[in-house]
Amino acid sequence: MFSIASEALDLNRLAEEFAHPAAGAFVTFEGRVRNHNEGEQVASLDYQAYEAFAVAEGSKIIEEAIEKFGLLECRCTHRVGHLDIGDLAVWVGVAAPHRADAFTGCCYVIDEVKKRVPIWKKEILETGSSHWVACHEEGAPSGK
Amino acid sequence: MTIQLYYFAILQDQRGLSEEQLELESQTAGDLYDKLKSLHGFTLSQDALRLSVNQQFVGWDTVIHDGDEVVFIPPVSGG
């Protein structure tokens, strides 16, 4: 399940639905708003989504991850709206029988979401200027 | 015919609108983008964008039909 949220994410609520008796591993990823990017001091972020398309593409990614890594449960939620430093912007949860597939599946979901899902962030800098983050560079190392 | 356009990110800022309905003649999405680009001063070229018609990625030579939902997708930056 992939969803877009306009209100603050509740970690306890997000972690519900993962109590699977066959799950030996539950891996989560929290993407948070950090105070710097590419040498600039970031004050806050504004996120926008083309929601219907984002949910469809995000759901495809979840299905791919379940299929590729044999996951028992997989969910991702992405915030839209104005976020401050430290706020939770995106959350991925993955349950699998063993930890290797859970870790790999979690990485797969966040990497693909960043590449494929129509969501955009605008950086508001400490200087007061702002800009839409252009794109993730092709061939950039995974994990950035 | 009438189509529905949605604008996101930098295109929304440059257009000054998040959506609009346009009355136009049948044409390709590429021709439509070129007209809107010169009309509104969009800075992104077709190469930098992807095209969505009715929430499917399609090519720029796609002919737009009455009732279509057309979105020019700037480079995404979620996460």
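What to note about this one:
- The three principal axes of the C-alpha atoms in the range A:2-133 carry coordinate ranges of 51, 26, 26 Å, sorted with the longest axis first.
- Angle in degrees between helix B:29-40 and the longest Cα principal axis of chain B, rounded to the nearest 10: 60 degrees
- Over chain B: helical MRE at 222 nm, DSSP H runs n ≥ 4 each giving -39500 (n - 2.57), nearest 500: -7000 deg cm²/dmol
- Using R0 = 41 Å, the C-beta based FRET efficiency linking residue B:66 and residue A:3 works out to 0.80.
- Distance (nanometres) between label positions extended 7 Å along Cα→Cβ at residue B:48 and residue A:20: 4.1 nm
- The value for the range B:25-66 of Rg(Cα) / (2.2 N^0.38 Å) is 1.12.
- Of the trypsin sites (Lys or Arg not before Pro) found in the range A:26-74, those that fall in a DSSP loop while having at most 14 other beta-carbon atoms within 10 Å are A:34.
- Hydrodynamic radius (Kirkwood) for chain B, which is based on Cα pairs only, to one decimal in Å: 12.6 Å
- B versus A: buried accessible surface, summed, Å² (probe 1.4 Å, to nearest 100): 1800 Å²
- Whole-Hz couplings from phi, Karplus 6.51/-1.76/1.60, listed for the range B:9-25; x for Gly and Pro: 6, 5, 5, 5, 5, 6, 7, x, 9, 9, 7, 7, 9, 10, 8, 7, 7
- For chain B: relative contact order, % (alpha-carbon pairs under 8 angstrom, 6 or more apart): 40 percent
- Charge tally in the Cβ shell below 13 Å around residue A:51, where Lys, Arg are +1 and Asp, Glu are -1, residue A:51 excluded: -2
- Mean separation of Cα contacts under 8 Å, 6 or more apart, over the residue count of chain A: relative contact order %: 33 percent
- Short to long, the 10 Å bins of the Cα pair-distance histogram for the protein assembly as shown hold 8, 30, 32, 21, 9, 1 percent of all pairs.
- Residue A:82 versus residue A:12: modelled label distance in nm, points set 7 Å from Cα along the beta carbon direction: 2.8 nm
- Gyration tensor verdict on the range A:6-83 (Cα atoms; rounded if a/c is under 1.5, prolate if a/b is larger than b/c, oblate otherwise): prolate
- Computed 3J(HN,Hα) for the range A:98-106, one whole-Hz value per residue from the Karplus formula 6.51 cos²θ - 1.76 cosθ + 1.60 where θ = phi - 60°, is 10, 5, 4, 5, 5, 5, 5, x, 5, glycine and proline marked x.
- Nearest-0.05 FRET efficiency for residue A:100 and residue B:18, computed from C-beta distance (R0 30 Å): 0.10
- DSSP-assigned coil residues among GluC sites (Glu not before Pro) in the range B:1-68, each with at most 12 further Cβ atoms within 10 Å: B:25
- Count of Lys pairs (Cα-Cα under 21 Å; at least 8 positions apart or interchain) in the protein assembly as shown: 10
- A helix-only calculation puts chain A at -9000 deg cm²/dmol for mean residue ellipticity at 222 nm, using -39500 (n - 2.57) for each DSSP H run of at least four residues, averaged over all residues.
The values are calculated or read from the model by the stated rules, or taken from the named source; none is laboratory data. Keep in mind that this is a model prediction, so the values were computed, not measured. When we count neighbours, we look across all protein chains shown, and the Cβ atoms used for this are built from the backbone with ideal geometry, even at glycine. Quick note on the areas: whole protein, heavy atoms, side chains included, nothing else; ligands and nucleic acids left out. Shrake-Rupley method; radii C 1.70, N 1.55, O 1.52, S 1.80 Å.
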